[in-house]
Amino acid sequence: MTKRINVGIVGASGYAGGELLRILADHPQVRITVITSDTYAGQPVASSFPGLARKRLAAFTAYDQSKISQCDLVFLARDSGVAMKVAPQLLNAGVKVIDLSADFRLRDVNTYHQWYGIHHSEPDLCQEAVYGLPELFASRISSARLVANPGCYPTGAILALAPLLSHHLVESKTIIVDAKSGFSGAGRSKFGQDYHFAEVNESTAAYKVAVHRHTPEIEQICSEVAGRELVVSFTPHLIPITRGILSTCYATLLRPHSDEELQQIYSRFYDEAPFVRVVSNLPATKHVAGSNDCHIGLKTDLRTGRVVVISVIDNMVKGAAGQAVQNMNLMYGFGETAGLESGSIFP
């Protein structure tokens, strides 16, 4: 009989939680046994996600430590600051944890406080947590009990830059990441004038320039891949689409390379990565919508001596829930693509 695990989702009524429910409902080796939501406690899942009405899922419940501790693995899909309070109890009960917030992504709690404005109460767990980017850290993830699921912007940026940094092909001080995201990345509970349809529609805007919280995360992992400390210029933008992130990354090459040479380097680097595809054309967010895929295209600019690398992901799947399920698969020795085989929705 195929091994099945009991899974809980904390904060399941948000966008990332809903994607976890959608993916895990059809996962052949998972039983969803606990689904928590403070907002929808006592109500059926369809009250928050009508598209899941025909799935046989338990109703939302309030958080109950005794019940959630009976799971084999728990996904924490709450705001930053919650996981550091909840994870220690779950880990002590023998439950594995995948945290979709930022609580365990940064190893230095002082850096976390600087960028998130929250005093971290679990510095030891920050050191223990494995950064959940399977394309770089699969072996670590497979033996972890606590995985920090990457942010959506860092996922696209790091996958675009990792082959260049690993092969020491670019000047480390010249890296620029210009990323554009759909509005679902802001989350389901964020309200305010900037998120009204009339404000968002037919408009593109940069935000949190030079101060976005994902900056130290990008720098931390890029530095590890490069083997030296890096500083990255990161500018995010919101664009009037629901899903998707397109990251355009720039860096100065240490010596000239043709497009073909770099494509071969990228293809070899991601040869065993089932969800990364190096494309000969330039990718678009529509190419990966609804999937756990990342498409990467690149172009060398011989005139300026720079390389331009473009990656696209679905911010709610590869940028959140799909990547979390990919991490779960590695932690339990399931097929890495289990539950994630479906391609993008097009058009």
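The values are calculated or read from the model by the stated rules, or taken from the named source; none is laboratory data. Just so it is clear, the structure is predicted and the values come from calculations on it, not from any experiment. As a convention, Cβ positions derive from the backbone with ideal geometry for all residues, glycine included, and neighbour counts pool all protein chains shown. We work out accessible area using only protein heavy atoms, side chains counted, and drop any ligands, DNA or RNA first. Shrake-Rupley method; radii C 1.70, N 1.55, O 1.52, S 1.80 Å.
Observations
- The range 154-241, accessible surface, carbon-and-sulfur percent (1.4 angstrom probe): 52 percent
- Whole-angstrom gap from the range 230-257 to the range 79-103, using each part's C-alpha centre: 30 Å
- The chain shape via C-alpha gyration tensor axes, a/c threshold 1.5: prolate
- Per residue accessible area of the chain, 1.4 Å probe, in Å²: 44 Å²
- Mean sequence separation of contacting Cα pairs (under 8 Å, at least six apart), scaled by the length of the range 146-295, corresponds to a relative contact order of 34 percent.
- As a fraction of the 1.4 Å probe accessible area of the range 21-76, surface on carbon and sulfur atoms comes out at 49 percent.
- Within the chain, longest stretch clear of exposed trypsin sites (Lys or Arg not before Pro) (DSSP loop, no more than 14 other Cβ within 10 Å): 57-187
- In the chain, taking the dipole from charged Cβ atoms about the Cα centre, the farthest positive-side position among 127, 313, 298 is held by 313.
- At most 14 other Cβ within 10 Å, DSSP loop - GluC sites (Glu not before Pro), the range 225-266: 229
- Working from label points 7 Å from Cα in the Cα-to-Cβ sense, the residue 174 to residue 142 distance is 3.8 nm.
- Charge dipole (debye, nearest 20) of the chain; +1 at Cβ of Lys and Arg, -1 at Cβ of Asp and Glu: 600 debye
- When each of 85/318; 96/173; 85/286 is checked by Cα-Cα distance, pairs over 29 Å: 96/173; 85/286
- Of the solvent-accessible surface of the range 109-150, computed with a 1.4 Å probe and all protein chains present, 45% belongs to carbon and sulfur.
- Positive-end extreme of charge dipole, the range 1-146 - chosen from 106, 89, 51 (charges on Cβ): 51
- In this structure, the amide hydrogen of residue 306, modeled 1.01 Å from its nitrogen in the peptide plane, lies closer than 5 angstrom to those of 253, 301, counting only residues at least 5 positions away or on a different chain.
- The chymotrypsin sites (Phe, Trp or Tyr not before Pro) of the range 133-199 meeting both criteria, a DSSP state outside H, G, I, E and B (loop) and at most 12 other C-beta atoms within 10 angstrom of the site's C-beta, are 191.
- Cα gyration tensor, the range 131-217 - rounded (a/c under 1.5), prolate or oblate: oblate
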